[in-house]
Amino acid sequence: MGMDRLPPPTTSFRTRRIIHVDFDYFFAQCEEIRRPELHDRPVVVCVFSGRTEDSGVVSTANYIARKFGVKSGIPIKVAKSRLAAVSRAVFMRLDIDYYRQVSEFAMSIMQLYADKFESVGIDECYLDVSDSTDDFEMTKILAQQIKEDVRKQLNLTCSIGVASNKTLAKIASDITKPDGLTVIEPNNAVKYITNMEVDKIPGIGPKTRDSLHELGIATIGDLAKSDLFMLIEHFGKKTATYIYNAANGVDDDPVIESDQTHTIMRIATLKSSATSSAEMNEDLYMLCRSIFNKASQKKISFRTVGVLLILNNLDRISRSRSLKVHSSNFDSLQSVAKSLLDEAMKEGGSIKVRRLGVVLSDLQNTTGQNTIFDFMNWTG
């Protein structure tokens, strides 16, 4: 029997609704969050080797710097030469601990929107919302809510792709950057991506792209119509099958729940800097109510309550306390949070608080469960 080209693979019976979130120029944007005066300046985050002030490479750059040809991986010396005529350019040292903290805050917000949530790095994640949305129009609205929630709480922008699988969702998130939202409907997916360059498929790097070009395959449409057996001969079965299926809009890879302790967080910017806990009581109550409502919607109980204070100089003060058992009781949450805020302000001395946050962690699903705190009458 001849090895004729296989027909395009078929999708599975159930149409999923997958969201891919990609934080825009993440490290540089974190620095803009920490120092708002950097927003209109070229910002370059670097990994310095330590030999000289110019030795090392660029980790990432904001879009202003990218207009001058500054991008990840180029030497710092080259980046500085390209920005030589820009007097306000800023070169900053990588601060991975701070970026992880911002990432954790953002992920804790987004995971509450997901039926299944998968973090795939410090600056991107997938959400499967197939059970909680009815169609792609509703999913688009949900994606916009996610963008607004992350922006409101962290002043962080992200680009989002919505599609029927992870590969298409990731392609979609890269189409409109920064701060974009793109939906690829399943009935139009193959046509939508057909004229894109093959390296728009996640996992196809320069080497594979060049090899495909040598085979006369330049676009995703070319790849979709190619001979699978020929691809297997050149790239091996695993890679060939993946890129062939991806070009045909097929990817059955599930969103896998990240194996990590989830947190729920809410942060608010105060109307004016606070110097006492009494000035923040109303904000604290609203944060507790908001975070409790989210936990209730997700049927999640908590054991650890924390408060976060971000000061005028952007220093952070945090306090947390673990309960004896898990709770899904608002009064217990609010009482512990108030006690922690009083404690933090008393120990902090003469401080001015710019933003206030409440954090729940050590979470568990409460479906069909009750805890002892549900039956207690808290008076605070």
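The values are calculated or read from the model by the stated rules, or taken from the named source; none is laboratory data. This is a predicted model, so every value here is computed, not measured. All Cβ positions, even for glycine, are placed from backbone atoms using ideal geometry, and neighbour counts span all protein chains on display.
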Q) In the range 19-46, which residues are part of a loop (DSSP other than H, G, I, E, B), touching a residue at least 24 places away in the same chain (Cβ under 8 Å) and in contact with a helix residue (DSSP H, G or I) (Cβ under 6 Å, 6 or more places away or on another chain)? A) Pro42
Q. Could we say that Gly161 is outside any helix (DSSP H, G or I), closer than 27 Å to Glu32 by Cβ and without any contact (Cβ under 8 Å) to a residue 12 or more places away in the chain here?
A. no
Q | Residue pairs meeting the criteria (Cβ under 8 Å; at least 6 apart or on separate chains; first within 21 Å of Met286 (Cβ to Cβ) and outside any loop (DSSP other than H, G, I, E, B), in the range 346-357; second modelled with pLDDT of 90 or more and acidic (Asp, Glu)) | A | Leu356/Asp283
Q. Only one of (1) crowded, with 21+ Cβ neighbours inside 10 Å; (2) at pLDDT 90 or above; (3) in a helix (DSSP H, G or I) fails for Gln111. Which number is that?
A. (2)
Q. Just one of the numbered conditions (1) modelled with pLDDT of 95 or more; (2) polar (S, T, N, Q); (3) in a loop (DSSP other than H, G, I, E, B) is not true of Asn245; which one?
A. (3)
**Q.** Condition met for Val250 (closer than 30 Å to Gln145 by Cα, more than 25 Å from the chain's Cα centre (by Cα) and surrounded by 18 or more Cβ atoms within 10 Å (Cβ to Cβ))
**A.** no
Q: Quick one: which residue in Thr379, Thr371 is within 23 Å of Met280 (Cα to Cα), among the hydroxyl-bearing types (Ser, Thr, Tyr) and at pLDDT below 90?
A: Thr379
Q) Do we have Gln29 as crowded, with 20+ Cβ neighbours inside 10 Å and within 30 Å of Asp251 (Cα to Cα) here? A) no
Q. Does Lys271 count as basic (Lys, Arg), free of Cβ contacts under 8 Å to residues at least 60 places away in the same chain and outside the structural domain of Leu154 (by TED's automatic domain parsing)?
A. yes
(Q) Restricting to the range 146-158, give me the number of residues that are surrounded by fewer than 16 Cβ atoms within 10 Å (Cβ to Cβ) and assigned to a strand (DSSP E or B). (A) 0
Q | Output for the range 316-345, where each listed residue is under 19 Å from Ser296 (Cα atoms) and outside any strand (DSSP E or B) | A | Ser328, Asn329, Phe330, Asp331, Ser332, Leu333, Gln334, Ser335, Val336, Ala337
Q) Condition test on Lys80, is it touching a residue at least 24 places away in the same chain (Cβ under 8 Å) and not acidic (Asp, Glu)? A) yes
Q) Given the residues Leu356, Leu314, Leu333, which is the only one that is more than 23 Å from the chain's Cα centre (by Cα) and either within 30 Å of Gln145 (Cβ to Cβ) or of a type in the set (A, V, I, L, M) (or both)? A) Leu333
Q: Could you check, for the range 165-182, whether at least one of its residues is in a helix (DSSP H, G or I), buried (at least 16 other Cβ atoms within 10 Å of the Cβ), of a type in the set (Ser, Thr, Tyr) and touching an Asp or Glu at 6+ places or on another chain (Cβ under 7 Å)?
A: yes
Q.
Restricting to the range 183-230, count the residues that are surrounded by fewer than 13 Cβ atoms within 10 Å (Cβ to Cβ) and among the acidic types (Asp, Glu).
A. 2
Q) Looking at Asp95, Asp54, which is the one that is modelled with pLDDT under 90, surrounded by fewer than 20 Cβ atoms within 10 Å (Cβ to Cβ) and acidic (Asp, Glu)? A) Asp54
Q: Can you tell me which residue within the range 286-339, out of those that are of a type in the set (S, T, N, Q) and buried (at least 19 other Cβ atoms within 10 Å of the Cβ), is nearest to Pro36 (Cα to Cα)?
A: Gln334
Q: Return the total of residues in the range 292-332 being touching a Lys or Arg at 6+ places or on another chain (Cβ under 9 Å) and of a type outside the set (Val, Ile, Thr).
A: 16
(Q) Could you tell me how many of the residues in the range 61-79 are out of contact with any Lys or Arg (no Cβ under 6 Å at 6 or more places or on another chain), farther than 15 Å from His39 by Cα and crowded, with 24+ Cβ neighbours inside 10 Å? (A) 1
Q | Checklist (1) within 30 Å of Val358 (Cβ to Cβ); (2) at pLDDT 95 or above; (3) touching a helix residue (DSSP H, G or I) at 6+ places or on another chain (Cβ under 7 Å) applied to Asp149, failing item | A | (2)
